[in-house]
Structures are given as C-alpha cells and as structure tokens.
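A short write-up of the structure that comes next.
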Amino acid sequence: MVQHGAIVGTQWGDEGKGKIVDALSPDFDIVVRFQGGTNAGHTVVVRREGEEKPDIFALHLIPSGILQPDKACLIADGVVVDPLKLEEELSGLRGRVKATARLLLSTKAHLIMPWHIVRDSITGGMVGTTKRGIGPCYADEKDRRGIRVMDALSPQHFGDRVREECEWNRHLIRAAIDHFGLSAGVWNEFCVDEALDAEKVVSDYLGVFDRLQERGLEIVDGARFLSHSERDAKSILFEGAQAALLDNTHGDYPYVTSSNTTVGGIPTGTGFWPRELFAVGVCKAYSTRVGEGPFVAEYGGEEEELATVIRDRGNEYGTTTGRPRRCGWLDLLPVRYAAMVNRLGALALTKLDILSTVDPLRVCVAYRVDGKTIEDYPANSEMLERCEAVYQELPGWQDDISSIRKFSDLPQEARQYVQFVEEGAGVPVKYVGVGKEREELIQIP
Ligand code: IMP
C-alpha cells in the first residue's frame, strides 16, 4: 500500500509549512494543495551553489513541490483559485525553477471572481481577513452560485454565468454598503464598477485561461488523476495551508478562514481518500497570529520589547499582506488539539533559532478560566477571551544554532525545549528548523 503524507499547521498559520513541504517533497511523486487560496503564503529559501544570495520563493497558490524537478503539482478542487494571481505567480517563477514539474488544476475548483474581493473588503474587517476574496468565494460555493474552472472551459456558458453574477452582486454590494453605513465613496475606492463589468471580466478570465494552458497548465479531473496515480504506485504529499486554529469547523470560530485546514479537508478537497496517511504537524517554536481573534499566550504589555525582537528576528510580517503578526509564547494547548484533530504522526518544530538568547523561556501549559485550570484547548472564542495562560519556565540558550545539523549538537537547553514540546504535545518531534534556508533543518531519526 502506498503511504501518502500531509503537512498541516498546528497553530494559526505561518509556522513555516513551505519549508517542510520543500524538505519532504523529494520523497513523494505528487504535491497537492487541497484547500485555501492566495490567502496562504509559503516561503522557501533556496541557496544555489556558487550564488551568494539565496533565492526567496513566496508561493501562494502553486504547491511548494514546484521547486523540485520532476514532481506533479495539483491544485485540487477544494482550493479557491484566482486565475489572474495564478498567472502572476507562474510568471514570477519563470527562469528560477526547472520547468520540468507538471502543474495541474482540477475542474471543480471554484474561481475567485473580482466581486468576491470587493465583498471581502467590505465584510472581512471583523475577522481581519487577507481580503483575497476567500470567504465570499467559499460562501458562493455553498450557496450554489459559484463559478468553477470547468465553466471557464465553455466560453458561452461562462459569459452567461458572469453576467448573472454581476447583476446579483450589484444588489448585494449595494445592500452591504448600506447595511454597514459605509460612505458612497467606497464604491469607487473598491473599483466596484470595474469588478462588475461583465464583458471585461469574461475577456480577462478567458484570456488568462488560454495563456495558462499555452504555458503548460493542465486542467484535469483531480480526483481521477489522484486515484489513477495511486494505482500506479505514486505517492502523494498533501500541502495544507493556514492551520488547525483557523479551520472553519474546528478553529477559533468565527476568527477562522473559510475552509477545512485540517486533514479532514483532504478527502473533501480532493475527492481522494488517502487510506495510508502520515500527517506531520508544523509548529513554530513560539506563537504568532495575524488578524483578529483570541490569543491566550500573546506577549503582554511588559513583554513589548520581546515582541519587537521576535517579530524582527523572525520576520513576522504577513507573506501575503505584509501585516505585522501578533507574537507570543509557545502554547501547548493548540498544538495538542491540532495533534488530536489531525491524528499527527510527527511534529516539525520550526524557527527554534529565533529563540536563542531569550532567557528564561516560557511555555503555556494550561489555562485558568472561571476559577478552574484546563489543559484541553476549548476552541470557544468567547471562553478563550477570558482564559489566562499558565506558564512553565525553561532555561534559554545563548549560542547561535543555525549551523547545527545534528540534534545531539544543540545546546542542552535547546534539546530540553524540544523534548518539552514533544512530551507536552504527545507527538514526536522529527524535524527542527534552525534557520530560513532549505539546509537549515535538523532531522531526528
Ligand atoms: P481569510 O482566509 O483571508 O478569509 O482570513 C481569515 C483569517 O485567517 C484571518 O485572521 C487571516 O489573517 C487568517 N489567515 C488566512 N490565511 C492565513 C495564512 O496563510 N497565515 C496566517 N493567517 C492566515
């Protein structure tokens, strides 16, 4: 039986999943994005022999496997696809990667249309979304009015659907502006007329699909492609975007994204049930969160200086939006919860190098709420706002650890930190990230 793999986030995203996918993808034949869209930003830093400066790839929609030669990379049905952004991303890779990887897009994936981005700009503020149109596109899918990749393959039908949706969205956007008491000026600010110019949208989207296919994008039935690939003994790596606490069902609702970011999103997002799946959870050595929502172990007022140090050292600014991320101590409760909902087989602990010189370190091991101490993540945003972190202090280390490649060569305090996470999460740590670059990774046998 072929064993497949999954990489998923265990916190609130930005754990460094791209780097771990890049490290593990040589062992697989196919890399698949199964949910989310251009709200994701997966960074891979590659230093080529003889080149002084590393090449930094920020992938939003294309699976990180594209950086490895000879892989097939599938954008599956559960992804919401902005084809204009896909073209931009593909252009950005030109000349930087060996073009031998195959890029495939599944026919049932929904398209992000310009009106989704307008609606996200109007309604996404409460959650602090990335304003990439993700929520409205998934909402239209569930409301059975979405437009899919397959529709763009029938120009006449696509034109009819776009015209219908432009009409409907004109009413919807007008009503939303009234409802939220926004000034009439936002109509121009969000370029609503352009977003609802049906003939322009049709020509832009059909044009982009033609160009993408000319450049080698294959449009396929993703479920069938994966099923046939497995029959041919090909192994598949599923690349999760966002993370457990942003899962639409299992996360800190309503401060979540609009897809299922946990392994449950794989079968629904691909139409393929991976019977043998080994899931690796990526956990950053501290916590960050971007956007609104509860964050129990966030650095408090007296830790403002530390927050600035960690944000700068860890470059904790959104890959997609550039927003500064909120920072905090590592919190074991979300990680344990993510281990449960994803049935994790291993953890990858990333960015351990960023904690060098922070001494002492603290790790959140429980919450105090309503006079009780709890150790299980409640996934209840209202209750989380009232929770107080209970910390365990651990000694820090002073040395730069980025050149270390063997676990046993890490300072004793760093090893102790890793072991503490492993015990607290109940999952073995198999990878430790000690720097941004591809090679800066310790594998624990
Ligand atoms: P949306 O996915 O753009 O609808 O945003 C919903 C929430 O998920 C917001 O709090 C975003 O900041 C967060 N979010 C979405 N994608 C990512 C990501 O890739 N990393 C971190 N946070 C994300």
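The values are calculated or read from the model by the stated rules, or taken from the named source; none is laboratory data. Everything numeric here is computed off the predicted structure, so don't read it as measured data. Cβ coordinates were reconstructed from backbone atoms using ideal geometry, including for glycine residues, and neighbour counts include every protein chain displayed.
Some notes on this structure:
- Failed item, numbered, when S106 is tested on (1) farther than 22 Å from A243 by Cβ; (2) surrounded by fewer than 17 Cβ atoms within 10 Å (Cβ to Cβ): (2)
- Scanning the stretch 26-42 for residues that are surrounded by fewer than 24 Cβ atoms within 10 Å (Cβ to Cβ) and of a type in the set (G, A, S) gives a single hit, G41.
- For the residues L217, L226, the requirement of being among the hydrophobic types (A, V, I, L, M, F, W, C) and touching a Pro at 6+ places or on another chain (Cβ under 9 Å) singles out L226.
- Flag if F28 is more than 16 Å from the ligand (Cβ to nearest atom) and among the aromatic types (F, W, Y): yes
- Count of the stretch 30-80 residues which are in contact with a Cys (Cβ under 9 Å, 6 or more places away or on another chain) and of a type in the set (A, V, I, L, M): 6
- Filtered residue count, the stretch 299-327, keeping only those that are farther than 19 Å from K436 by Cα, within 15 Å of the ligand (Cβ to nearest atom) and outside any loop (DSSP other than H, G, I, E, B): 1
- In the set (1) under 26 Å from L394 (Cβ atoms); (2) touching a Pro at 6+ places or on another chain (Cβ under 6 Å), the condition left unmet by Y317 is number (1).
- Some residue of the stretch 43-50 being in contact (Cβ under 8 Å) with a residue 40 or more places away in the chain and either within 16 Å of the ligand (Cβ to nearest atom) or buried (at least 24 other Cβ atoms within 10 Å of the Cβ) (or both): yes
- Checking each residue in the stretch 187-227 for being in contact with a strand residue (DSSP E or B) (Cβ under 9 Å, 6 or more places away or on another chain) and either part of a helix (DSSP H, G or I) or without any contact (Cβ under 8 Å) to a residue 40 or more places away in the chain (or both) picks out Y205, F209, L212, Q213, G222, A223, F225, L226.
- The stretch 275-293: number of residues that are surrounded by 20 or more Cβ atoms within 10 Å (Cβ to Cβ) and not hydroxyl-bearing (S, T, Y): 11
- Residue list for the stretch 228-257, restricted to those being β-branched (V, I, T) and either within 14 Å of the ligand (Cβ to nearest atom) or part of a loop (DSSP other than H, G, I, E, B) (or both): T249, V256, T257
- Filter pass, F272 being over 30 Å from D353 (Cα atoms), away from the ligand (no atom under 14 Å from the Cβ) and either in the same structural domain as V44 (by TED's automatic domain parsing) or over 14 Å from the mean Cα position of the chain (by Cα) (or both): yes
- Residue match in the stretch 394-406 (condition: on the phi > 0 side of the Ramachandran plot and in the same structural domain as V309 (by TED's automatic domain parsing)): no
- The stretch 92-145, residues that are in contact with a Lys or Arg (Cβ under 7 Å, 6 or more places away or on another chain), more than 23 Å from D77 (Cα to Cα) and without any contact (Cβ under 8 Å) to a residue 24 or more places away in the chain: G124
- Y431 vs. criteria over 21 Å from the mean Cα position of the chain (by Cα), aromatic (F, W, Y) and crowded, with 19+ Cβ neighbours inside 10 Å: no
- Residue tally, condition part of a loop (DSSP other than H, G, I, E, B) and either closer than 19 Å to Y417 by Cα or within 12 Å of the ligand (Cβ to nearest atom) (or both), over the stretch 277-298: 9
- The listed residue being surrounded by 20 or more Cβ atoms within 10 Å (Cβ to Cβ), among the aliphatic types (A, V, I, L, M) and more than 13 Å from the ligand (Cβ to nearest atom), out of L93, L59, L86: L86
- Residue that is modelled with the lowest pLDDT [pool: residues in the stretch 119-137 that are more than 6 Å from the ligand (Cβ to nearest atom) and assigned to a loop (DSSP other than H, G, I, E, B)]: K131
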